[in-house]
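Remarks on the structure that follows.
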Amino acid sequence: MEIRDHLDRLLQLDDTPKRIISLVPSQTELLVDLGLEQNIVGITHFCVHPAFLKQIKTRVGGTKKVNLRKIEELEPDIILCNKEENTKEMVEQLEKIAPVHISDVSNLEDAYHLMADYGKIFNCEELATTMVTSIQKKAASLKKMANESQRLKVAYFIWNDPLMVAGNGTFINAMLELNNFENVFSEERYPVTTAKELKDKEVDICLLSSEPFPFTEEHKSRFEQFSGSVEIVNGEYFSWYGSRLLEAMDYFKDFH
């Protein structure tokens, strides 16, 4: 089988991969929901969904640094990575062990593409197609509802010190657009900002993400000077681009 990943790299697979290592949390969850739990042999420390997985699968490290010896001992048929989550240097080392598929997901179409890729690679095309269709229907319903609401200017915070936000070109930004929010940060992917800049932006609502920095209700008071509305949001629903999107579409409806 020949397949090109999202970076247009050609992968040569002799057969359907039976032993999978996933180094991206949202992709790990996607594999499970595609019925491939038994084929997963290695995951990261951050692969927390489904929760029981970390008890029965070998954890090979984080998303930026892995134990190459452990990975080699697991004898994977394929290793699944992501351009943003994993480093180029890591991928170069992993390619010496097994074929590496790299995803690059910045919007829903990219997410659908990834699901279709996995359907083809792992011989579960029917289930992958059903999943994509279900998410598309929910997304269309959400978009219609969101477009009927007032378009608010938003700042989506992912870090507290320094103040860091999600900007243009990110999957988070695509989810904000789907919800009819106008991201006030549109130049960089993850810019660092300041109190002065935020006040000048005239933000309608500040969204504080639960990840990667774990914002809680205690942090809200700091952001009230920038906006009349401050909300804590579940970061997984804004940044995980796998099967969690099915739940995300229902979660987003609470905004409208």
Counting only residues that are in contact with a helix residue (DSSP H, G or I) (Cβ under 6 Å, 6 or more places away or on another chain) and among the β-branched types (Val, Ile, Thr), which one in the range 164-195 is nearest to Phe255 (Cα to Cα)? Ile172
Write out, first by first residue and then by second, each pair whose Cβ atoms fall under 6 Å of each other, whose residues are 6+ apart or on separate chains, and whose first residue, in the range 44-66, is assigned by TED's automatic domain parsing to the domain that holds Lys88 and free of Cβ contacts under 8 Å to residues at least 40 places away in the same chain while the second is surrounded by 13 or more Cβ atoms within 10 Å (Cβ to Cβ) and charged (D, E, K, R). His45/Arg59; Val60/Lys70
Of the conditions (1) touching a residue at least 60 places away in the same chain (Cβ under 8 Å); (2) within 16 Å of Pro17 (Cβ to Cβ), Ile97 satisfies every one except a single condition; which number is it? (1)
So which strands (runs of 3 or more DSSP E) stay within the range 138-256 end to end and still have 3 or more residues that are surrounded by 16 or more Cβ atoms within 10 Å (Cβ to Cβ) and either among the aromatic types (Phe, Trp, Tyr) or touching a residue at least 40 places away in the same chain (Cβ under 8 Å) (or both)? 152-159, 205-209
What is the one condition in (1) buried (at least 19 other Cβ atoms within 10 Å of the Cβ); (2) in contact with a helix residue (DSSP H, G or I) (Cβ under 6 Å, 6 or more places away or on another chain); (3) assigned to a helix (DSSP H, G or I) that Leu114 does not satisfy? (2)
Tally the residues that are buried (at least 18 other Cβ atoms within 10 Å of the Cβ) and touching a strand residue (DSSP E or B) at 6+ places or on another chain (Cβ under 8 Å), restricting the search to the range 51-62. 3
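The values are calculated or read from the model by the stated rules, or taken from the named source; none is laboratory data. None of these values were measured; they are calculated from a predicted model. Cβ atoms come from the backbone with ideal geometry, glycine included; neighbour counts cover every protein chain shown.
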